[in-house]
1. When you scan region 460-487, how many residues do you find that are within 15 Å of Gly264 (Cβ to Cβ) and surrounded by fewer than 18 Cβ atoms within 10 Å (Cβ to Cβ)?
2. So, Gly109, is that one touching a residue at least 60 places away in the same chain (Cβ under 8 Å) and farther than 26 Å from Glu220 by Cβ or not?
3. Got a sec? Which of Asn170, Asn207, Asn161 is surrounded by fewer than 24 Cβ atoms within 10 Å (Cβ to Cβ), over 17 Å from Tyr54 (Cβ atoms) and of a type in the set (S, T, N, Q)?
4. Being surrounded by fewer than 14 Cβ atoms within 10 Å (Cβ to Cβ), touching a Cys at 6+ places or on another chain (Cβ under 9 Å) and not in a strand (DSSP E or B) is the filter here, so list the residues in region 133-158 that pass it.
5. Can you go through Arg62, Arg76 and tell me which one is under 24 Å from the mean Cα position of the chain (by Cα) and surrounded by 13 or more Cβ atoms within 10 Å (Cβ to Cβ)?
6. Any idea which of (1) in contact with a Lys or Arg (Cβ under 9 Å, 6 or more places away or on another chain); (2) under 26 Å from Val79 (Cβ atoms) is the one Leu191 doesn't satisfy?
7. Outside any helix (DSSP H, G or I), at pLDDT 95 or above, over 17 Å from the mean Cα position of the chain (by Cα) and within 16 Å of the ligand (Cβ to nearest atom): does that describe Ala267?
8. Hey, among Arg188, Arg242, Arg257, Arg225, which residue is of a type in the set (Lys, Arg), more than 18 Å from the chain's Cα centre (by Cα) and in the same structural domain as Pro74 (by TED's automatic domain parsing)?
Amino acid sequence: MFEELFQRLGIGEVNRGVTPVDERAPAAGPLLRPTNPASGSALPTVQSASPEEYDRAVDRARAAFTSWRTVPPPRRGEVVRQIGEGLRARKADLGLLITLETGKIRTEGEGEVQEMIDMCDFAVGLSRQLYGLTIASERPLHRMIEQWHPLGPIGIVTAFNFPAAVWAWNAMIAAVCGDTIVWKPSPRTPLTAVAVQRIVDGVARANDCEDVFQLCAGGEDIGRRMLDDRRLPLISATGSCRLGRVVGEVVGRRLGRSLLELGGNNAIIIAPSAELELAIPATVFAAVGTAGQRCTTARRLIVHESLHDRVLESLASAYRRVRIGDPWDDSVLMGPLISEDSVASMMAALEAARSQGGEVVWGGRRLDRPGYFVEPALVRARPEMPIVGEETFAPILYVMPYRTIDEAIAIQNSVEQGLTSAVFTNDFREAEQFLSAEGSDCGIANVNIGTSGAEIGGAFGGEKSTGGGREAGSDSWKAYMRRQTCTINRGRELPLAQGVRFDIGRD
Ligand code: UN1
């Protein structure tokens, strides 16, 4: 059914997950077998990198770094611009491949490619804005400057749910910063990575910088090698808090840098003055979109007690209207979960919620059809229920009442994760309190907008167990560079800082 798509994207039955491919080298890594989550059937396979192939890829990235770092940043930006053009030309096909491999609906698959294109545009502009500072010196005829240099080859580990955009967040900025890139995609979505890399390889070849972008598909083995690899000064990883703890620990042990974008347990507060015409659809998109498999998915809804039952009813009626089915069908709003395991963990979470005193008021059943389809679930819950503190990567929304805005903010902040948060209110004071230092403790705090669907341009990431990393916008580029402070003396004296005297006299 999708043969033509594969053909257009250059995907065969078995694909090499290392590029640029050395055809003479025998494929040695284990086979990755992605499935179409809407049917459970097998997709074309990808040969993962063997340890030797991985080593060669990092060596190539290291060698390429020595020349890439000397290319003027706007020239590097030009390469990124051309990658953006390549993505534009392939937007529909690449979007459909993402839909096929992840199960996210088509508009979201294409949206993901658009996010990559936006990222390219952002990085092109950035390539002329890698500013440093000039700092006043206390010493006469001296000045200080701060400048930014490329860091080296960096490792990027991405998750299945944004199999391409999160790579672009990191790789496009790193590339204009002068770094080279080694990418390990999720073993569940290697085909998207192969297709993206094909586009990038074409551009890189035309610009004589082939080795700047390396793909190294694989499982835990390759991931582990990257974490331990001193040749990679920075590892940027997206995934669960559990994964992030391992990354932080292993990379920290070798005093490397890690940039972590981990789990979220995001909440929306609906205040008495909220416009429900905004709050209800925003909540449904945030809770049900991508079948609840975004790190920004709304998992908790904190509703003022005066509106609680009404909101729950409106949500139930909206949930009833959400069409679940094949994600490439344009009338469908929710596709499948990624795997059988995900269905099992959703069912286990609902069971835990019930046993902890929660009530599933709508949905939560598995659909009787091939693939990993479920109904989204609305659960009446209390903040103290342990399951409410956990991130289950599935469309479960825990709904809880509150009395005062202080209490709502306290509930919102009571979980271990700190990625995104939102309040729906028309009360200026409430909104400002939510955004103040005593307000939301998350990396992202929104007013009258849901928790998911951030645009690039702003720094993306979160606090606490979300890992503290910031990507994709603002000054997040600084994470991909090394800072150098320089003091320059144009005088004929050698005054020391802090008035220290150290006179060795003259001969
Ligand atoms: C993720 O789920 O890892 O804000 C990233 C959003 C998207 C990115 C999500 N732009 O929902």
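1. Adding up the residues that qualify gives 1.
2. Working: touching a residue at least 60 places away in the same chain (Cβ under 8 Å): yes; farther than 26 Å from Glu220 by Cβ: yes.
So Gly109 fits the description; yes.
3. Numbers: Asn170 fails: surrounded by fewer than 24 Cβ atoms within 10 Å (Cβ to Cβ); Asn161 fails: surrounded by fewer than 24 Cβ atoms within 10 Å (Cβ to Cβ).
Going through Asn170, Asn207, Asn161 in turn, the sole match is Asn207.
4. Hits for region 133-158: nothing passes.
5. Numbers: Arg62 fails: under 24 Å from the mean Cα position of the chain (by Cα).
Result: Arg76 is the single residue among Arg62, Arg76 that is under 24 Å from the mean Cα position of the chain (by Cα) and surrounded by 13 or more Cβ atoms within 10 Å (Cβ to Cβ).
6. It is condition (1) that Leu191 fails.
7. Details: outside any helix (DSSP H, G or I): yes; at pLDDT 95 or above: yes; over 17 Å from the mean Cα position of the chain (by Cα): yes; within 16 Å of the ligand (Cβ to nearest atom): yes.
Yes: the conditions hold for Ala267.
8. Working: Arg188 fails: more than 18 Å from the chain's Cα centre (by Cα); Arg242 fails: more than 18 Å from the chain's Cα centre (by Cα); Arg257 fails: more than 18 Å from the chain's Cα centre (by Cα).
Every option except Arg225 fails the conditions.
The values are calculated or read from the model by the stated rules, or taken from the named source; none is laboratory data. Nothing here was measured: the structure is a model prediction, and the numbers come from that model. Heads up, the Cβs are rebuilt from the backbone with ideal geometry, glycines too, and the neighbour counts pull from every protein chain shown.
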